[in-house]
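Here's the structure, in structure tokens; my notes come after.
The values are calculated or read from the model by the stated rules, or taken from the named source; none is laboratory data. It should be emphasised that the depicted structure is a prediction, and the values quoted were computed from it without experimental measurement. Because the Cβ atoms are built from the backbone with ideal geometry, glycine has one as well, and the counts that use them run over all protein chains shown. Side chains included, ligands, DNA and RNA excluded: accessible areas come from the protein's heavy atoms. Shrake-Rupley method; radii C 1.70, N 1.55, O 1.52, S 1.80 Å.
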Amino acid sequence: MTSSVEPHEGELQDEGLSSRLNWLRAGVLGANDGIVSVAGIVAGVAGATTSRNNIAIAGIAGLVAGALSMAAGEYVSVSTQRDSERAMLRKERQELHELPEEELEELTQIYQSKGLRRELAAEVAEELTAHDALAAHAEAELGIDPNDLTNPWHAAGASFLAFTVGALIPLIAILLPGPTWRVPACFVAVAIALVVTGAVSARLGEAPTRPAVIRNVLGGMLAMAITYGVGTLVGTAI
């Protein structure tokens, strides 16, 4: 008989959904990096000069350099991870071919360690192995889904886009107003953006929102204040 019990509200039953949430969380954090990095750059330059052109050049250079750095770093990191996962899958495939009985026993013991009776664990291991041996063993032993390896190009593109979107906020905010309101407007825009990214990241991680937002905003404001102060000192000295 089919059970009518529904999953608890907010409980993740789909590994694909969990993966998408992880990607979304990474995107929010990438946008946050873009906000804080470029805000610090433009605030520092604005402290040294009132020239809109100089501020724009520095902000755009920071945006492009930061986005490319994020993309390159993510590509290298995910490529390394994927290479490692492929190597482990090759080894697991070889062991399944050469030592099928030992691998079946290993899978049985894994399910036993999760609380299943020996007989039930053996039955589950046999059925999963018959269905897709590599997938069953890779997931249980390695925590890898061989049909869903992360694409480094997708990761690089997502990081580039997230950083760029975040970086545009302080850049636009500081370029639109006149010299008098330029820095205050940037501070306000960045504070609002950091409230949003802090709240969203906390929500996605199912963590308390208030502490995350406070940490996020204070960290960003401190970075901007310090770079603005340094820019002012450098501008005065020069």
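Given C-alpha coordinates of the stretch 63-150, what is the ratio Rg to Rh with the Kirkwood estimate of Rh? Walk me through the numbers on the way to the answer.
On the way: Rg = 17.4 Å, Rh = 14.6 Å.
Rg/Rh: 1.19.
When the solvent-accessible surface of protein heavy atoms is calculated with a 1.4 angstrom probe, in what order do Lys114, Lys91 fall, highest first? Present the calculation step by step, with values, prior to reporting the outcome.
On the way: Lys114 145, Lys91 125 Å².
These residues rank, largest area first, as Lys114, Lys91.
With the Cα gyration tensor of the chain in hand, convert its eigenvalues to equivalent ellipsoid semi-axes via √(5λ) and list them largest first in whole Å.
On the way: eigenvalues 508, 85, 32 Å².
The three semi-axes for the chain are 50, 21, 13 Å.
Show me the helices of the chain, taken as full DSSP H stretches, that run 24 Å or more along their long axis by Cα and average 0.0 or above in Kyte-Doolittle hydropathy. Don't skip to the answer; put the middle values down first.
Numbers: long enough: 15-48 (50 Å, 0.79); 52-98 (68 Å, -0.25); 152-175 (34 Å, 1.65); 179-204 (38 Å, 1.45); 209-237 (42 Å, 0.97).
Helices meeting the criterion: 15-48, 152-175, 179-204, 209-237.
Along Cα→Cβ, 7 Å out, is where each label goes; now give me the distance between the ones at Arg215 and Glu106 in nm to one decimal.
Result for the modelled spin labels: 3.8 nm.
Per-residue counts of other Cβ atoms within 10 Å, averaged by peptide: what ranking do you get for 159-170, 202-213, highest first? Walk me through the numbers on the way to the answer.
Values: 159-170: 23.7, 202-213: 13.5.
So the order, starting with the most tightly packed, is 159-170, 202-213.
So what's the gap between the Cα centers of the stretch 116-163 and the stretch 181-238, to the nearest angstrom?
After rounding, the separation between the Cα centres reads 39 Å.
Let me have the 222 nm mean residue ellipticity of the chain computed from DSSP H runs of 4+ only, each contributing -39500 (n - 2.57), with the sum over all residues rounded to the nearest 500.
Working: 7 runs with 194 residues, N = 238.
Theoretical 222 nm ellipticity from helices: -29000 deg cm²/dmol.
What ratio of Cα Rg to 2.2 N^0.38 Å holds for the stretch 83-206? Show your work: numbers first, answer last.
Working: Rg = 25.1 Å, N = 124, 2.2 N^0.38 = 13.7 Å.
Ratio of Rg to 2.2 N^0.38 Å for the stretch 83-206: 1.83.
Please calculate the 1.4 Å probe accessible area of Glu92, with all protein chains present, and give it to the nearest 10 Å².
My reading of the accessible area for Glu92 is about 10 Å².
For the chain, what does the accessible surface come to per residue with a 1.4 Å probe? Please give it in Å². Please list the in-between numbers first.
Details: 14350 Å² over 238 residues.
Roughly 60 Å² per residue, with all protein chains present.
Tally up the carbon and sulfur contribution to the accessible surface of the chain as a whole percent, 1.4 Å probe, everything protein left in place. Working shown, then result.
Working: 8780 of 14350 Å².
Here it works out to 61 percent.
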